[in-house]
1. Can you confirm whether residue 264 is out of contact with any strand residue (DSSP E or B) (no Cβ under 6 Å at 6 or more places or on another chain), under 20 Å from residue 103 (Cβ atoms) and either assigned to a helix (DSSP H, G or I) or at pLDDT 90 or above (or both)?
2. Consider residue 56 against the criteria (1) over 22 Å from residue 77 (Cβ atoms); (2) assigned to a helix (DSSP H, G or I); (3) over 51 Å from the mean Cα position of the chain (by Cα): it satisfies all of them except one. Which criterion is unmet?
3. So, in the range 228-253, how many residues would count as being farther than 14 Å from residue 174 by Cα and assigned to a strand (DSSP E or B)?
4. Consider residue 299 carefully, then state whether it is crowded, with 19+ Cβ neighbours inside 10 Å and within 18 Å of residue 105 (Cα to Cα).
5. Among the numbered conditions (1) over 25 Å from residue 298 (Cα atoms); (2) modelled with pLDDT of 90 or more, tell me where residue 188 comes up short.
6. Scan the range 59-78 for residues that are under 41 Å from the mean Cα position of the chain (by Cα) and closer than 17 Å to residue 27 by Cβ and report the count.
7. Regarding residue 105, is this residue more than 30 Å from residue 9 (Cβ to Cβ), modelled with pLDDT of 90 or more and surrounded by 18 or more Cβ atoms within 10 Å (Cβ to Cβ)?
8. Which pairs do you get when a residue that is under 20 Å from residue 210 (Cα atoms), found in the range 234-254, comes within reach of a residue that is in a helix (DSSP H, G or I), reach meaning Cβ atoms under 6 angstrom, with the pair 6+ apart or on two chains?
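The values are calculated or read from the model by the stated rules, or taken from the named source; none is laboratory data. Note that the structure is predicted; figures quoted are calculated from it, not measured. Here the Cβ is made from the backbone with ideal geometry for all residues, glycine too, and neighbour counts use every protein chain on show.
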């Protein structure tokens, strides 16, 4: 028998059911069809093969030796098809997306919104890797990245989610101890919490913020530095000093009163959080659906 003359899949399904149950009527009930339809399919298959697969008895059927061999092969093949179908279907329902982002964005913006993401994309399995370094699509094994900085580097494309907007923030208790601050110069002498990094100038620093207010950056107390923005904010929440608060990372903390603006004098730059993707990969599947979700979530901030 040539490859082109293999029995039709539906005939194999009918044969497997009849051979397993050894009853054409029971097979018809299992398959939701009629006994003559099962009998017709099996007879056509026998005619195509040129051998009988069943011996018809007065009270039923039994498999011939050739029919038994055929049944075992068809049974195993159909089970393999069913197993692969389930696996492929499960892969489609549970798609994995690897995302690189920094500690601050993951903790303060993304984590509180994961329930909304799961509700929108219930089959998505999100794998989050944290990094403070620039995204390199040749080095970093990720589908997307959300990182702070200017436009994407070579080999990557980006969409800006948030423009850099920074305002000094502190705990309500610290502000109560210090009393109301009339202006930016009142921050001189207060302990300032500082985010350190390996790439100077990648984000706004205290000296930059003071210059944006028309002042120099001198302050009489040394800065307390951390290389993790979540630690900077934790220190601010504990009343240990004033931190630079990046929108949107501190927005929820300001909204519920855990932090307050020490001086409501924001500074802006043309940097910001970028959604970055490898230029050589077409945006599709879970990456496309996550891209559309997060751009929609940030749409109001894109105009700021």
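1. Spelling it out, it is not the case that residue 264 is out of contact with any strand residue (DSSP E or B) (no Cβ under 6 Å at 6 or more places or on another chain), under 20 Å from residue 103 (Cβ atoms) and either assigned to a helix (DSSP H, G or I) or at pLDDT 90 or above (or both).
2. (2)
3. The first filter runs over the range 228-253 and keeps only residues farther than 14 Å from residue 174 by Cα, leaving 228-232, 244-253.
Filter once more, so that each one left must be assigned to a strand (DSSP E or B): 244-246.
Residues meeting the conditions: 3.
4. No, not satisfied.
5. For residue 188, the exception is condition (2).
6. Selection size over the range 59-78: 3.
7. yes
8. Sorted first by the residue in the range 234-254, then by its partner, the pairs are 243/232; 243/236.
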